[in-house]
Amino acid sequence: MFNPNATDIDGPIVFSPENEKQLATLIQRYPYKRAALIPVLHMAQAQFGWLSPGVMAYVAQRLELPEGKVLQVASFYTMFDKKPVGRHKVEVCTSVPCCMMGGFAVVRHISERLGIGVGETTADGRVTLLEAECLAGCGYAPLLQVNGEFHENLTPERIDALLATLR
């Protein structure tokens, strides 16, 4: 059961006034509260930075769902972060087409340049490196996204230029 006084993030776990309005709009849009789960998880992640156990419990309470159901959905979809991430989330596509075009080489290059492995964040908290199963850009492989923005037809030089902007 969610304890509104408990916190596992920086600050209280309550939606901002703007997000309270958004929550009300979302709940009205769907025939059942549970149908709003994915958009509410996106909203919560945007506000809190990641979906901590406390944040997921809060979402469960607000949508009148079992906490386990919220965890199931948040764990199934890779766009939800269950641990803190850096300011810049770099997700490299490592599906088969991208890997055939150099996806794993992109991961290795970034890992070497940043000194971190997949799933890790740089010591300064700026960059988290992740693999993505498919970014639906096979014709532009290899590719990655940084905070949702796509970067396609990657070369070592293009990767280095991109990483320089993240520092």
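Coordinate-derived values only; no laboratory data. Keep in mind that this is a model prediction, so the values were computed, not measured. Note that we place each Cβ from the backbone using ideal geometry, even for glycine, and neighbour counts take in every protein chain shown.
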**Message:** Under the 0.36 nm per residue contour assumption, what length would be gained going from the current alpha-carbon distance of residue 79 and residue 24 to full extension?
**Reply:** 17.5 nm
**Asked** Could you give the longest part of the chain that holds none of the chymotrypsin sites (Phe, Trp or Tyr not before Pro) found in DSSP loops with at most 11 neighbouring Cβ atoms within 10 Å?
**Response** 78-167
**Prompt:** How are the Cα pair distances of segment 88-166 distributed, in percent, across 10 Å bins from 0?
**Reply:** 21, 60, 18, 1
**Asked** So how much slack lies between residue 14 and residue 160, counting 0.36 nm per residue of separation and subtracting their Cα-Cα distance, in nm?
**Response** 48.6 nm
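Calculate, for residue 67 and residue 104, the FRET efficiency according to 1/(1 + (r/R0)^6) with r their C-beta to C-beta distance and R0 35 Å; round to the nearest 0.05.
0.45
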**Request:** Under a cut-off of 19 Å between alpha-carbon atoms, report the aspartates and glutamates in cross-link reach of residue 89, not counting same-chain residues fewer than 8 places apart.
**Result:** 81, 112, 120, 124, 131, 133, 149, 152, 160
**Item:** For segment 84-89, Karplus couplings with θ = phi - 60° (6.51, -1.76, 1.60), whole Hz, Gly/Pro x
**Value:** x, 10, x, 4, 10, 9
**Request:** Step through the residues of segment 112-126 one at a time and calculate ³J(HN,Hα) from phi using the Karplus curve (6.51 cos²θ - 1.76 cosθ + 1.60, θ = phi - 60°), rounding each to whole Hz and writing x for Gly and Pro.
**Result:** 5, 5, 8, x, 9, x, 4, x, 10, 10, 4, 4, 7, x, 7
**Fill in**
Diffing segment 56-68: the Karplus 3J(HN,Hα) column from phi (6.51, -1.76, 1.60, θ = phi - 60°), in whole Hz with x for Gly and Pro, holds 5, 5, 4, 4, 4, 4, 5, 9, 6, 10, x, 4, x
**Solitary cysteines of the chain, where the nearest other Cys Cβ is not under 4.7 Å** = 99, 134, 138
